[in-house]
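Bear in mind that the values in this text are calculations on the coordinates, not laboratory data. Fair warning: this is a prediction, and the values are worked out from it, not measured in the lab. Glycine also receives a Cβ, built like all others from the backbone with ideal geometry; neighbour counts cover every protein chain displayed.
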């Protein structure tokens, strides 16, 4: 199965409209978490809390978005061996979770539930390998913060996500078999969230920055 | 023998009294003439002395010559008011009187300026509103957008859209919180007239009210006045105009595309874009089938918990959409010298405050009007007599400002 096959398979279970809404919710969660943390706390504490708040917001939004699509199931799962809950969206062959990463499409640190999901993954990138009918595929929504070296710019636009990907990890979670850059996949969503004061050059820079850095 | 006022028109007294929301007894208290005498004046059975007329004029804040204007011609009228409850009957009558004044002012201005030609869709809908289905209302809202060549994007300015298509709109205090607006399609000039009540609400609410009145213009243009008297028909008409407003402001496909999830944060984010209240978006989402009853209940609980029933996010920061047409017409008529403020007040026979309030003019606009002139720094400089300069630069040409040719 090639990357294109995998992508096609993914979209046959997760409708494009849902994936589009997933990206909208990434923007929304980053914005709302930023606003709420920065309105309630000093900048230093806001920065400490931001990741938790963002995760909480986004997981809730993803469940709400799934509710708009019959056949897509959203559930909260207690991670094995920890007190943390995470959200899983499942539809057809795929299970999707969300993860925050430092850089676009970076690898996610290993955890019990991810390892379990990845190891049950039947993905194979051999071109001629048939798709097993009982396969369960693991997909991750990866999103990172918008980062810039200019502190003023960071304060003004730090509410933006810096990237958003749907990535398909290999069994050992040490690489991605394929990934979909949502920023280039849904330019209309990105356009709708660009700061008004950004010219086209700034927007292009933003889109370039959202790309995965290493192959 | 008592001397009356020649030419006094009793129904004008009634109009003025009702426009001020006064009962006969209240007017009696203000003027010191018995309610019975006032009633006689209104019925045209007697007329007040010039001295009493002066007192009445002061009490109701109307110029004396208002009471000498001819009686209005009666004509069939279907004014859509948002509440028919008895509690607001006085307020509704008051509003309807002010509505007549709005038409008077617009009619006067139309002698001097050409308002946009009315361009409202006639969709050939049934005269009986009870025959209209919800699907037809959705289609009508869509057809109205197509009629004006609009895409399914958010409407930048609802009031401007209506004005550009020939509606005359005013924002006015209607004297009752339950009365949100009035509208009428006036057959004589084929133009809708709309008053949006500002007694309560918020910029997005007033914008929705304007769309609601458009709903009446599109859906109910052929409804007979007597149909409004039937409570079940009236209720249905109001629901239909509401549904139309929501469909017109939030086209299903693009609103659905923008709605990332059914939760209050998502609705809140969309409010800034679509300029529709969060509560109206929740109702729209329910009508569209985007949410279950259970989800809706939980949304309303959280909506209350966040204090949004009192005030929603952005309500204090968004600017209301102000009508501009009448204000600009006044600017034009007065600045071009076609009329003076005195001419205006004499012709429309209203107090300056009423004209200013109905037309969105600043307080004191008519009293303090002075024609616009160029600042001195932009005028053609006058040549100053400076002998030494004259000697140094004989025959200097003064550069005149270039007048741009317009084709």
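Among B:62, A:213, B:150, what is the fewest-to-most ranking by other Cβ atoms within 10 Å?
A:213, B:150, B:62
For region A:156-197, how big is Rg over Rh, using alpha carbon atoms and the Kirkwood form of Rh?
1.13
Quick check on the protein assembly as shown: of the DSSP beta bridges with both residues there, what percent are antiparallel, nearest 5%?
70
Taking only Cα atoms and a 10 Å spring cutoff, compute GNM fluctuations for chain B and point out the largest among B:358, B:291, B:219.
Looking only at B:358, B:291, B:219, the largest GNM fluctuation is found for B:291.
Calculate how many DSSP beta bridges within chain B are antiparallel, expressed in % of all such bridges and rounded to the nearest 5.
Working: 8 of 13 bridges.
Around 60 percent antiparallel, to the nearest 5.
Taking chain A as the reference, fit the longest principal axis to its C-alpha atoms, fit the long axis of helix A:200-209 to the helix C-alpha atoms, and give the angle between the two in degrees, 0 to 90, nearest 10.
The answer is roughly 50 degrees.
What are the extents of the Cα atoms of chain B along their three principal axes, in Å, largest first?
Principal axes ranked by extent give 87, 82, 43 Å for the Cα atoms.
Going by alpha carbons, how many degrees (0 to 90, nearest 10) lie between the helix axis of A:16-40 and the longest principal axis of chain A?
That works out to roughly 40 degrees.
Convex hull over the Cα atoms of region B:62-167, averaged projected area in nm²? The partial results should precede the final answer.
Values: hull surface 41.7 nm².
Seen from a random direction, the Cα hull of region B:62-167 projects 10.4 nm² on average.
Among B:236, B:297, B:207, whose mean-square fluctuation peaks in a Gaussian network model of chain B (Cα, cutoff 10 Å)?
B:297
Determine the shielding of peptide B:289-302 by partner chains: average, over its residues, the number of Cβ atoms on other chains within 10 angstrom of each Cβ.
That works out to 1 on average.
Other chains' Cβ within 10 Å of A:30-38 residues: what's the mean?
1
If you take the Cα Rg of region B:1-147 and divide it by 2.2 N^0.38 Å, with N the number of residues, what do you get?
Ratio of Rg to 2.2 N^0.38 Å for region B:1-147: 1.41.
Within 10 Å of each Cβ in peptide B:254-261, how many partner chain Cβ atoms are there on average? Round it to a whole number, please. Walk me through the intermediate numbers first.
On the way: counts 0, 0, 3, 7, 4, 5, 16, 15.
Neighbouring Cβ atoms belonging to other protein chains average 6 per residue here.
If you rank B:74, B:23, B:5 by fewest surrounding Cβ atoms within 10 Å, what's the result?
On the way: B:74 6, B:23 13, B:5 19.
The order, fewest Cβ neighbours first, is B:74, B:23, B:5.
Counting other beta carbons within 10 Å of each Cβ, put A:165, A:11, A:176 in order, fewest first. Before the final figure, lay out the partial values.
Working: A:165 26, A:11 15, A:176 20.
So the ranking, lowest neighbour count to highest, is A:11, A:176, A:165.
Return, for the Cα atoms of the protein assembly as shown, the radius of gyration and Dmax in Å, separated by a comma.
32.8, 116
Select from B:142, B:127, B:180 the residue whose mean-square fluctuation is largest in a Gaussian network model of chain B (Cα-Cα springs shorter than 10 Å).
Checking each option, the largest mean-square fluctuation is seen for B:127.
Using only alpha carbon positions, build the gyration tensor of region B:253-305, then give the equivalent ellipsoid semi-axes as the square roots of 5 times its eigenvalues, largest first, whole angstrom.
The three semi-axes for region B:253-305 are 16, 13, 9 Å.
Given 10 Å bins starting at zero, what is the percent of C-alpha pairs of region B:203-299 in each, up to the one with the largest pair distance?
Bins of 10 Å from zero give 15, 43, 29, 12, 1 percent of pairs.
Between the alpha-carbon centers of region B:1-75 and region B:272-319, tell me the distance in whole angstrom.
48
Would you mind pulling out the separation of the Cα centroids of region B:250-269 and region A:50-98, in Å?
20
Taking a temperature of 25 °C and a viscosity of 0.890 mPa s, what whole-number D in µm²/s does Stokes-Einstein yield for region A:3-209 with Rh from Kirkwood over alpha carbon pairs?
Result for D is 138 µm²/s.
May I ask you to compute the full-extension gain from residue B:25 to residue B:328, defined as 0.36 nm times their residue separation minus their alpha-carbon distance, rounded to one decimal in nm?
105.1 nm
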